[in-house]
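The structure appears below as structure tokens.
The values are calculated or read from the model by the stated rules, or taken from the named source; none is laboratory data. Computed from a predicted structure; not experimentally measured. Cβ: placed from backbone, ideal geometry, glycine included. Neighbour counts: every protein chain shown.
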């Protein structure tokens, strides 16, 4: 009977989670892990990144950025592979990286950048909707581009522009409101894993991201509107700098996004394309950051007066608070 008992005991043992545990030991052990890489040789760095990322690469941020970082001679290198809607349409991928001179999100060194295509030995092949095969110098990856869903329900005077996810992992519905002629990011509460604490009865802040939300109870169902991000994170250009740089590009081309931009910012008439890129420089884009860049949470106590009023009250608060 002993073998049977042992077998039963084995079955009853709890399973061990495979989620990553981050340790200081691992960080220190990796400070010199990539010292043989020539950081000035962009092809060599791309090969290193390709060789040390998962065989299935899931690109969560909806503008198509796949971020990475590693240590080189004890210094942090940060970068990204960009699978944007316009690049993948041409079977191209952008690759960029830099030294993060002062630590996480700090001052950057010179950026190394190159757009790769079949002429450079990089082959990107579409194998399914939002799914690609990536090949470079004998290394093969499957790349999945993320199109999130949300719990958004439409209301009058509001147009839905797409579901999105930023680099912090937060999911939003991106909308345009015709009453205020402004864009808003509505938290997807059905897929929300952050802990919140209250600033006031109708305003809460995410403990991990520092994102501040107004609880709009004037709609059914109620919504949480993004109304603030930490100002420092915007300066540092880190993962918590707000969702303005991860728009739902997969969907914007099917909307009147260009017209919405002009409604919100009339001075931009004739200056932007259908995805909000400036016509004079398609590498720059309109920053849709209709929320407060705050240094002190106490400013949001004034937003509490809007809890029984319309969206115009919320917009007045954002506009007045953002003025210098």
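As an exercise: evaluate residue 290 against (1) surrounded by fewer than 16 Cβ atoms within 10 Å (Cβ to Cβ); (2) closer than 23 Å to residue 177 by Cβ; (3) within 20 Å of the chain's Cα centre (by Cα) and give the number of the one condition it does not meet.
With respect to (1) surrounded by fewer than 16 Cβ atoms within 10 Å (Cβ to Cβ); (2) closer than 23 Å to residue 177 by Cβ; (3) within 20 Å of the chain's Cα centre (by Cα), residue 290 is out only on (1).
If I go through segment 215-245 residue by residue, how many of them are more than 15 Å from the chain's Cα centre (by Cα) and not in a helix (DSSP H, G or I)?
Just the residues of segment 215-245 that are more than 15 Å from the chain's Cα centre (by Cα), to begin with: 215-225, 227-228, 230-232, 235.
Pick out the ones that are also not in a helix (DSSP H, G or I) and you get 215-225, 227-228, 230.
Within segment 215-245, residues that are more than 15 Å from the chain's Cα centre (by Cα) and not in a helix (DSSP H, G or I) number 14.
How many of the residues making up segment 119-132 are part of a helix (DSSP H, G or I) and surrounded by 13 or more Cβ atoms within 10 Å (Cβ to Cβ)? First the steps, then the outcome.
In the first step, residues of segment 119-132 are kept if they are part of a helix (DSSP H, G or I); the result is 119-120.
Subsequent filtering for residues that are surrounded by 13 or more Cβ atoms within 10 Å (Cβ to Cβ) retains 120.
Going through segment 119-132 one residue at a time, the tally reaches 1.
Which numbered condition trips up residue 197, out of (1) outside any strand (DSSP E or B); (2) in contact with a strand residue (DSSP E or B) (Cβ under 9 Å, 6 or more places away or on another chain); (3) surrounded by fewer than 18 Cβ atoms within 10 Å (Cβ to Cβ)?
Tallying (1) outside any strand (DSSP E or B); (2) in contact with a strand residue (DSSP E or B) (Cβ under 9 Å, 6 or more places away or on another chain); (3) surrounded by fewer than 18 Cβ atoms within 10 Å (Cβ to Cβ), residue 197 fails exactly one: (1).
Do we have residue 249 as at pLDDT below 95, closer than 19 Å to residue 173 by Cα and either touching a helix residue (DSSP H, G or I) at 6+ places or on another chain (Cβ under 8 Å) or surrounded by 14 or more Cβ atoms within 10 Å (Cβ to Cβ) (or both) here? Steps first, answer last, please.
On the way: at pLDDT below 95: yes; closer than 19 Å to residue 173 by Cα: yes; either touching a helix residue (DSSP H, G or I) at 6+ places or on another chain (Cβ under 8 Å) or surrounded by 14 or more Cβ atoms within 10 Å (Cβ to Cβ) (or both): yes.
Against the criterion (at pLDDT below 95, closer than 19 Å to residue 173 by Cα and either touching a helix residue (DSSP H, G or I) at 6+ places or on another chain (Cβ under 8 Å) or surrounded by 14 or more Cβ atoms within 10 Å (Cβ to Cβ) (or both)), residue 249 qualifies.
Condition first: crowded, with 20+ Cβ neighbours inside 10 Å, under 20 Å from residue 61 (Cβ atoms) and touching a strand residue (DSSP E or B) at 6+ places or on another chain (Cβ under 8 Å). Can you find one or more residues in segment 293-315 that meet it?
Checked against the condition, which is being crowded, with 20+ Cβ neighbours inside 10 Å, under 20 Å from residue 61 (Cβ atoms) and touching a strand residue (DSSP E or B) at 6+ places or on another chain (Cβ under 8 Å), segment 293-315 yields no hits at all.
Return yes or no: is residue 159 surrounded by fewer than 22 Cβ atoms within 10 Å (Cβ to Cβ) and at pLDDT below 95?
On the way: surrounded by fewer than 22 Cβ atoms within 10 Å (Cβ to Cβ): yes; at pLDDT below 95: no.
It is false that residue 159 is surrounded by fewer than 22 Cβ atoms within 10 Å (Cβ to Cβ) and at pLDDT below 95.
What is the number of the single condition among (1) touching a strand residue (DSSP E or B) at 6+ places or on another chain (Cβ under 8 Å); (2) assigned to a strand (DSSP E or B); (3) closer than 27 Å to residue 80 by Cβ that residue 204 does not meet?
Every condition holds for residue 204 apart from (3).
If I go through segment 135-156 residue by residue, how many of them are part of a strand (DSSP E or B), touching a residue at least 60 places away in the same chain (Cβ under 8 Å) and either more than 22 Å from the chain's Cα centre (by Cα) or surrounded by fewer than 15 Cβ atoms within 10 Å (Cβ to Cβ) (or both)? Even if it seems obvious, please write down each step before you answer.
To start, the set of residues in segment 135-156 that are part of a strand (DSSP E or B) comprises 135-136, 139-145.
Then keep just the ones that are touching a residue at least 60 places away in the same chain (Cβ under 8 Å); that gives 136, 139-145.
If we keep only those that are either more than 22 Å from the chain's Cα centre (by Cα) or surrounded by fewer than 15 Cβ atoms within 10 Å (Cβ to Cβ) (or both) as well, we get 136, 139-140.
Selection size over segment 135-156: 3.
Residues of segment 266-286 being more than 22 Å from residue 115 (Cβ to Cβ) and either out of contact with any strand residue (DSSP E or B) (no Cβ under 9 Å at 6 or more places or on another chain) or exposed (fewer than 10 other Cβ atoms within 10 Å of the Cβ) (or both), which ones?
Those that are more than 22 Å from residue 115 (Cβ to Cβ) and either out of contact with any strand residue (DSSP E or B) (no Cβ under 9 Å at 6 or more places or on another chain) or exposed (fewer than 10 other Cβ atoms within 10 Å of the Cβ) (or both): 266, 267, 269, 270.
Considering segment 162-193 alone, what residues qualify as being under 19 Å from residue 60 (Cβ atoms), at pLDDT 95 or above and surrounded by fewer than 16 Cβ atoms within 10 Å (Cβ to Cβ)?
Once the filter is applied, which keeps residues that are under 19 Å from residue 60 (Cβ atoms), at pLDDT 95 or above and surrounded by fewer than 16 Cβ atoms within 10 Å (Cβ to Cβ), segment 162-193 yields only 169.
Assess whether residue 261 counts as being modelled with pLDDT of 95 or more and within 15 Å of residue 164 (Cβ to Cβ).
Values: modelled with pLDDT of 95 or more: yes; within 15 Å of residue 164 (Cβ to Cβ): no.
Spelling it out, it is not the case that residue 261 is modelled with pLDDT of 95 or more and within 15 Å of residue 164 (Cβ to Cβ).
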